[in-house]
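What follows is a single structure, written as structure tokens, with notes after it.
The values are calculated or read from the model by the stated rules, or taken from the named source; none is laboratory data. The shown structure was predicted, so the numbers you read here are calculated from the model rather than taken from an experiment. Methodologically, a virtual Cβ is constructed for each residue, glycine included, from the backbone with ideal geometry; neighbour enumeration extends over all protein chains shown. To get the accessible areas, we keep the full protein, side chains included, count just its heavy atoms, and leave off ligands, DNA and RNA. Shrake-Rupley method; radii C 1.70, N 1.55, O 1.52, S 1.80 Å.
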Amino acid sequence: QEGTWTQFPKRKMSEACPGFLLRARKLHMLAILLLCALMVGSLYNSVVLFMVVPAALGPELKARSIAALGKIRRSGLPGLGLGRSFASLGRTTKNTTEAPHTGSHRSVKSTQAATSHPNAAKLLADAGSKSGHNLHLKPQGHGVAVASSSSSSSSNLATSNRSSHSVIHASSVSSVGHSTNRSVTNKHPHDGMGVASTKTTSSTSSTSSSSSRSSSNLTTSTIASTTTSTMKECNPNVQACFVRGPQNSRQIKIREMMSHAWLGYTRYCWGGDELFPERHGCHRGWGVGLTLLDSLDSLYLMGMEEEYNEAREWVAGTSLHFDRVGNVNLFETTIRALGGLLGAHALTGDPIYVKHAKDLGQRLLPGLRGNARGIPYSDIDVGRGVGDFKGGFASMSEATSLGPENFALSEITGDPSFAKAANSVNKLFHSLEKMDGLAVIEVSPDSPSLTQGNVFSLGARGDSYYEYLLKTWLLTGKQDKEALHDYQTSVAGIRKHLVQHTHGSLKLTYVGELNRGGSVSPKMDHLVCFLPGTLALGVHYGASGPEDMDLAKELMRTCYQMYKITGRDLTPEIAFFHNRGTHEIYAKSSDAFDILRPETVESLFYLYRITGETVYQEWGWEIAQAIEKYAKVPSGGYSSLDNIDYGPSRSRDKMESFFLAETLKYLFLLFDNTRSQLPLDNFIFNTEAHPLRIFKQ
């Protein structure tokens with residue numbers, strides 16, 4: 001009552017109002033009990049609503065209910081830890097919907113005339129409005145649920161033990177200093193090497209294809225879409241779980257670019273090798289459906305289900321005949337065609353790819369075995385199985401970069417002949433003398449020497465030799481000690497002989513070329529930009545020390561600057577450097593062309609995946625926007641460019657198959673904010689960006 005508190009200014013509340021306090025305490029306890037009862041009741045009703053009822057209606061609704069309950073991780077009762085428990089319910093959910101491989105195109109003959117995809121008109125009509133496809137689900141799998149979506153979606157990925165018969169478990173290859181099984185939070189502490197929980201966001205907002213974003217953590221879809229979210233079991237033939245489809249607006253944009261590139265190919269070059277997008281023509285000289293085979297795993301990874309199924313049907317049908325293929329480059333056919341089949345199998349476990357990979361591998365085997373000295377041929381007539389050397393020499397990178405694909409082929413077929421031939425080549429080059437681990441880029445087939453004759457370079461004809469030393473060690477479960485030794489020795493040699501620095505304001509670090517006279521030429525091919533990613537990968541897995549990560553980051557900055565010198569975020573084929581003065585980096589007009597190579601975005605992917613530093617995503621986004629602005633052909637496809645340093649760029653009218661296989665795939669993975677799509681503890685990428693499963697033994 002009024003005046004109560006003034007009457008007892010120095011007394012406690014319990015003394016002043018003892019009856020009131022007792023009643024307040026009782027009310028307080030009653031309120032707490034009531035709140036607990038409401039929470040328990042709500043939890044029980046939620047379980048009944050989302051689990052019991054959907055279970056009676058079918059597995060698909062049950063899976064969707066689990067995904068919905070998983071949202072509590074982000075929005076409900078975080079202090080009680082209930083969200084993580086709900087998310088884990090999805091781990092053993094089985095889905096029994098079969099995944100039919102649909103496709104209706106006709107057999108395509110290998111002719112010089114451009115051949116349209118049978119559904120080209122429909123594809124063109126749908127190009128502007130298609131936003132995603134419901135993914136079909138396969139019944140195989142044991143114990144691991146994986147979110148699979150064709151557009152940005154709300155779902156949670158959780159991990160558990162694999163089946164006992166799996167060849168490779170997600171944690172079978174441990175990462176140095178990291179755990180392969182851990183969850184992802186908003187700060188993404190996961191190092192991207194293993195299987196992880198993945199958060200995705202759905203939206204129905206729209207935007208134009210050329211708009212830019214300022215943040216690397218966008219969570220809003222940028223295309224009008226109906227969002228679907230499904231759960232599926234891991235295929236036991238794959239033994240690694242990963243999220244398919246875009247998870248954010250930038251990944252959606254890259255998938256749109258992939259869709260546009262694929263549209264041009266299906267309209268004007270279906271079943272052919274490489275598209276001429278401006279003239280609506282097609283190169284068919286290889287006769288292997290090069291772009292199609294090179295794109296299979298990209299289509300599958302990006303959740304482009306309809307396009308993937310049509311491509312898969314072409315492979316499974318009557319159109320692919322390796323016995324009709326003539327003379328081709330052995331290295332390019334191995335990394336692109338054979339690698340494409342192996343990559344598609346690595347992600348899907350589909351045996352149709354094993355059948356064709358073995359057929360092609362057997363036809364390429366005489367080229368791998370090479371001449372009497374054991375040097376692989378540069379070219380091979382696939383149909384006749386006869387190899388030769390074009391130009392009278394063997395390229396160092398080509399002769400030594402055939403191993404991972406053949407090791408993987410032996411692994412999935414059980415036929416040791418491929419690995420045996422590849423291992424013989426590796427041992428031969430391991431035994432040859434080198435200069436501090438470095439090798440010349442051209443090798444005499446009859447009297448091979450790796451120290452005499454021409455330049456030492458990590459660019460054209462040298463690059464993938466060094467890349468595959470590390471990746472061979474990783475692919476074999478870190479068992480190939482000779483490959484590890486040669487990698488470590490070569491990195492020391494690169495530092496000693498090839499690494500150079502400018503002294504202007506940019507203070508760039510680059511890798512030059514060592515001439516036969518002993519001088520270092522201040523030029524660096526764009527191809528050398530594979531090196532930052534390889535160095536980072538080596539550091540992460542313990543092949544080298546942290547000083548190599550510092551070198552990787554400095555070289556990455558230089559590769560980024562190669563894109564800035566043109567003023568268009570396009571890169572020249574070759575850059576030159578002045579070690580002294582202000583004009584530190586420049587390109588000659590003869591080198592000012594951009595064929596949309598992947599090496600820089602490849603290294604950006606590795607640097608972001610391993611370090612989590614978002615600056616690499618921002619650099620990659622600038623490159624992606626430039627490609628969209630300057631290289632896009634309205635009728636479908638993207639074209640290589642001339643004159644990128646001045647005036648209007650001029651189209652070279654060719655879309656390289658590696659643009660779909662590598663450039664777009666690495667950009668897509670670069671913008672995976674969870675750093676878990678295609679975990680590096682389970683896969684290595686061959687030099688054409690095709691994933692190969694790491695061996696358990």
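Ordering 522-530, 313-321, 289-297 by mean Cβ neighbour count within 10 Å, with the highest value first, yields 289-297, 522-530, 313-321. Per residue, the average separation of C-alpha pairs within less than 8 Å and at least 6 apart gives segment 351-440 a relative contact order of 26 percent. The portion of the accessible surface of segment 479-604 made up by carbon and sulfur, rounded to a whole percent, is 51 (1.4 Å probe; DNA, RNA and ligands excluded). Taking 8 Å as the Cα distance limit and 6 or more residues as the minimum spacing, I'd like the relative contact order of segment 269-411 as a percentage. Reported relative contact order: 21 percent. Per residue, the accessible area of segment 347-503 comes to 37 Å² when a 1.4 Å probe rolls over the protein heavy atoms. Based on Cα contacts under 8 Å between residues 6+ apart, segment 522-674 shows a relative contact order of 25 percent.
The apolar share of the surface of segment 357-443, taken as the fraction of accessible area on carbon and sulfur atoms (1.4 Å probe, ligands and nucleic acids excluded), comes to 47 percent.
Using the 1.4 Å probe convention, the accessible area of segment 511-558 works out to 29 Å² per residue with neighbouring protein chains retained. Ordering 655-666, 547-558 by mean Cβ neighbour count within 10 Å, with the highest value first, yields 655-666, 547-558. Given a 1.4 Å probe and the protein chains as shown, residue 693 ends up with an accessible area of around 40 Å².
Annotation: amide H-H contacts under 5 Å for residue 462 (H modelled 1.01 Å from N, sequence separation of 5 or more, or interchain): 397.
Ranking request for peptides 592-599, 423-430, 370-377: highest mean number of other beta-carbon atoms within 10 Å first, then the rest in descending order. If you can, show how the numbers build up before the last one.
On the way: 592-599: 22.9, 423-430: 17.4, 370-377: 19.0.
The most tightly packed comes first, giving 592-599, 370-377, 423-430.
Entry note: segment 395-480 has Rg to Rh equal to 0.99, where both radii use alpha-carbon atoms and Rh is the Kirkwood radius.
Pairs from the table (358/420; 390/496; 496/523; 471/696; 434/481) lying more than 21 angstrom apart at Cα are 390/496.
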